[in-house]
Amino acid sequence: MEYPRIQCVRCGYQERFYRALEQCPRCGGDWLDVIYDYGRVAQVWREELPRRANTMWRYRELLPLRDDANRISLGEGGTPLLRATNLSLMLGTPHLYIKDERQGPTGSFKDRQASLAISVMKELGVTEAVLASTGNVAISYAAYSARAGIKIWAFLTSLVPAEKMREVAIYGAQVIKVTGTYDQTKRIAADFARRRGLYLDRGIRSIAARESMKTVAFEIAEQLAAYLGPSSPSVPWRAPDWYVQAVSGGLGPVGVWKGFEELYRMGLIDRMPRLACIQAEGCAPMVLSFERGLDKAEPILNPRTRIITVATGDPGPAYTFLARVIREHGGAFEMASDEEAFRAIHVLAKLEGLSMEPAAALAFAGLFKLLSKGVIRRDEVVVVNCSGHTFPVEKHLLGEDWFQTIEATRAPAPEEGLLGSLESLGRHAQRIAILEDDPGARRLLRRILQARGHYQIFEAENGRQGLELIRRERPDAILLDLMMPELDGFGVLEALQEDEDLRTIPVIVITAKELTPDERARLSGHIQALLQKGDFTDEELLREISERAGEEIQ
């Protein structure tokens, strides 16, 4: 068998990848990469991929496992790339896609990492291993290690939800709950492994962990080509313009970036995407360090976020890697508040039927901000990683003695942030008329209103029908498109102003039309608000209805 080569990022040392290394033999560097025969792999993939099963192991030639007999798999990878139909319409982004990693065996993209990492452990003869986690990694490793017959000691910060801890325990892993931050938990786990002489999972410094995440990029490039076609006649696959992911320690985007780099080297894509790395506002060392122009991240010692799975205060070498990539190739670091992430959960569930954990929703909250700032253009191809959704284990399955507790420090308890809540329309404006000729836009507006309360909604597909509807039903508020057949929105407004019984009904104009100064003057004084399609979120629409229309109807 022809082995790939292993290379030290610090000094460039190389050797054949025939043995397990944690450090460079020459300089002691602990970031080692694997280099493959990309020409041979490209030829094999072009010939054989169409016949292979739809899991991450279809890309076997670029995964560093020497013997397939050691492979531990539960069918991970092969997750769908979903077109965000309703969300795209709301945001004015026709090419918005969601990589639905919730559909992994344990409900998160960490299943890819666990499959390769546990397979490598089996190949090394490991029978007992230690890891630190904020939840999803421990769940995945516990499941895969059970299949491999490896005992896992899972050190989790006490802030991890009890449901996630129970899920780790149900697979037979030994749960150690640490009262402290995640960074303290990692240090305690490393000390425990050293004293016991046990194998320690090294997270982002692990070759297997980083290499596993490449498969997300491979799948996206294949799937985008199926949706949109290759980006040029010279390549078979397609890279997005942007790849967006919530970031804690940074393993995901680091691995995904290498995946796209390898596709580019093999001639399967013709350009690289830009990365958007989203962090929680209460724990954003990458964002803050990048804003200060730092090459090394300044740690956040006391994370202030309720989204515990992304509360990594010290991202270590991942920040240096990602900051370099974003400076050289474009991209962005962005942060979003817990409340913005919680609102995004509601938006995605109610518009796209996707229920996700807060860490996954954080990526969408960041996307909304980057779109509103104009960092991401609305006509670009964007893929967002919906990284996880896990389900609680029934409490009675485990009894009482399923975890041990270690007191790391007397650190103060984290602040209790407010849960994000969506605004209510209140008792006013219960009868809403939608005048819009685009059935997709009508459906979106209706869906937003239905998701927020009990409203009586009337619809018309052109201005003439809309006027008849308004005169018949006397709605409390009107959502009006300007560009409609038979009678446009300007004509509807003029007719309303001429009718003393109708002129006081609040009107909110929602339009894709770029208005001239004369057209804006025609609207002035006759409407409550003007919203540009693609420039508003559902919260802003609701705020306009509740605060403006509601006040007028009192």
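So how strong a dipole does the stretch 56-215 carry about its Cα centre when Lys and Arg Cβ are +1 and Asp and Glu Cβ are -1, to the nearest 20 debye? Mind dumping the intermediate values first?
Working: 24 positive and 15 negative charges, 54 e Å.
Roughly 260 debye for the stretch 56-215.
Putting +1 on Lys and Arg Cβ atoms and -1 on Asp and Glu Cβ atoms, find which of T516, G75, A146 reaches farthest to the positive end of the dipole of the chain.
Ranked along the dipole, the leading option is A146.
Label points 7 Å out from Cα along the Cβ direction at N54 and E519: separation in nm?
4.3
Assuming R0 = 22 Å, what is the FRET efficiency of H329 and E298, from their Cβ-Cβ distance, to the nearest 0.05? Show your work: numbers first, answer last.
Working: r = 23 Å, r/R0 = 1.06.
Once the sixth-power term is evaluated, E becomes 0.40.
Give the residue from I118, L449, M335 lying farthest towards the positive end of the charge dipole for the chain; charges sit on Cβ (+1 for Lys and Arg, -1 for Asp and Glu) and the dipole is referred to the Cα centre.
So the residue furthest toward the plus end is I118.
Mean residue ellipticity at 222 nm from the helices of the chain, using -39,500 (n - 2.57) per DSSP H segment of n ≥ 4 over the full residue count, to the nearest 500 deg cm²/dmol? Intermediate values should be presented prior to the final figure.
Details: 18 runs with 208 residues, N = 554.
For the chain, the value works out to -11500 deg cm²/dmol.
Once you keep just the Cα pairs under 8 angstrom separated by 6 or more residues, what percentage relative contact order results for the chain? Walk me through the intermediate numbers first.
Numbers: 1107 pairs, mean separation 73.2, N = 554.
Taking the mean separation of contacting Cα pairs over the length of the chain, I get 13 percent.
Under unit Cβ charges (Lys, Arg +1; Asp, Glu -1), what dipole magnitude, rounded to 20 debye, does the chain have relative to its Cα centre? List each step's numbers first, then the result.
Values: 70 positive and 77 negative charges, 488 e Å.
Value, rounded to 20: 2340 debye.
So the label point goes 7 Å from the Cα of S372 along Cα→C-beta, right? Which residues of the stretch 81-120 then have their backbone N under 14 Å from it?
Under 14 Å, as judged by backbone N against the label point of S372, lie 91 of the stretch 81-120.
Based on the alpha carbon coordinates of the stretch 152-212, what radius of gyration and maximum Cα-Cα distance (Dmax) apply, in Å?
In Å, with Rg to one decimal and Dmax whole: 12.2, 32.
Rank these for me by crowding, D438, D201, D295, D100, going from fewest to most other beta carbons within 10 Å. List each step's numbers first, then the result.
Details: D438 16, D201 27, D295 11, D100 21.
Placing the least packed residue first, the sequence is D295, D438, D100, D201.
What full-extension length gain, to one decimal in nm, is calculated for N70 and E163 as 0.36 nm per residue of separation minus the Cα-Cα distance? Kindly include the intermediate steps, with their values, before the conclusion.
Working: separation 93, 0.36 × 93 = 33.48 nm, distance 3.09 nm.
Here the segment from N70 to E163 would lengthen by 30.4 nm.
Starting with the fewest neighbours, write out T309, T511, T134, T127 ranked by other beta-carbon atoms found within 10 Å of each beta-carbon. Don't jump to the answer; show the numbers that get you there.
Numbers: T309 29, T511 18, T134 22, T127 14.
The most exposed by this proxy come first: T127, T511, T134, T309.
Show me 282-291, 208-217 ranked by packing, highest mean number of other Cβ atoms within 10 Å first. Write down the numbers at each step before the final one.
On the way: 282-291: 21.6, 208-217: 26.4.
Top to bottom by mean Cβ count within 10 Å: 208-217, 282-291.
So, in nm, how far is label K151 from label S232 when the simple model puts each one 7 Å beyond its Cα toward the Cβ?
Result: 5.6 nm between the two label points.
What full-extension length gain, to one decimal in nm, is calculated for R10 and R472 as 0.36 nm per residue of separation minus the Cα-Cα distance? List each step's numbers first, then the result.
Values: separation 462, 0.36 × 462 = 166.32 nm, distance 7.49 nm.
That pair, R10 and R472, stretches by 158.8 nm at full extension.
Only counting other Cβ atoms within 10 Å, I'd like L493, L198 sorted with the fewest neighbours first. Mind dumping the intermediate values first?
Numbers: L493 21, L198 16.
Going from least to most buried by this count: L198, L493.
Over the Cα atoms of the stretch 221-319, Rg to Rh with Kirkwood Rh, two decimal places?
Working: Rg = 16.2 Å, Rh = 14.9 Å.
That ratio is 1.09, to two decimals.
I need the Kirkwood Rh of the chain: take the reciprocal of the average 1/r across all distinct C-alpha pairs and report it in angstrom. All intermediate terms of the calculation are to be shown ahead of the outcome.
On the way: mean 1/r = 0.0392 Å⁻¹.
One over the average 1/r among Cα pairs gives 25.5 Å for the chain.
Every number here is computed from the coordinates shown, using simple stated rules; none is lab data. If you're wondering where the values come from, they're calculated on a predicted model, not measured in any experiment. Positions of Cβ are generated from backbone atoms using ideal geometry, with glycine treated the same way; all protein chains shown enter the neighbour counts.
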